[in-house]
Amino acid sequence: MSLNQNDFYVYDVQDFPLVYLNQQAVLPGYASQWEAEMLALLQQESPFVVVYDHMRVEETEADRRQRGDWLIRHRQLLSQRCKGMLSIESEASRCAELRKMRKMFGIPHQVVSSRTYALAQMQQWLARAQK
């Protein structure tokens, strides 16, 4: 099964296995579309890494709760397929905030300063997944 970018709005899958969040899609009520796209990624049966590039949008409480419930229900499968989450961030205060959230997802989470470092970290995680 291959991914078709036209089926995705919340995530950009053009560079799969590097999957970027589309911040413009984080609008009130987006969580249902997020769930559908996450399921499509999990059904892919290939490891992937999710990237948040200088995330500046805030989701609604309802979306956060819906996504949190989904993450709890799918935590085991997510940890098998999603080899990590990367936050690209250059602002020191945001880096500190993001580091506090590392354990929330049950998968590795790393804060890096550029796409170059994100790509290098992704390659390390995927190489470990091959072993």
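Quick rundown of the values:
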{"quantity": "Per DSSP, loop GluC sites (Glu not before Pro) in the range 1-73 with at most 11 further Cβ within 10 Å", "calculated": "E45, E58"}
{"quantity": "Dipole in debye (nearest 20) - the chain, about Cα centre, beta carbon charges: Lys, Arg +1; Asp, Glu -1", "calculated": "700"}
{"quantity": "Equivalent ellipsoid dimensions for the range 5-130 as semi-axes, Å, which come from the Cα gyration tensor, largest first", "calculated": "20, 19, 15"}
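We did not get these values from a lab; they are worked out from the coordinates using the rules stated. All values reported here derive from a predicted model rather than from experimental measurement. Positions of Cβ are backbone-derived with ideal geometry, glycine not excepted, and every protein chain shown enters the neighbour counts.
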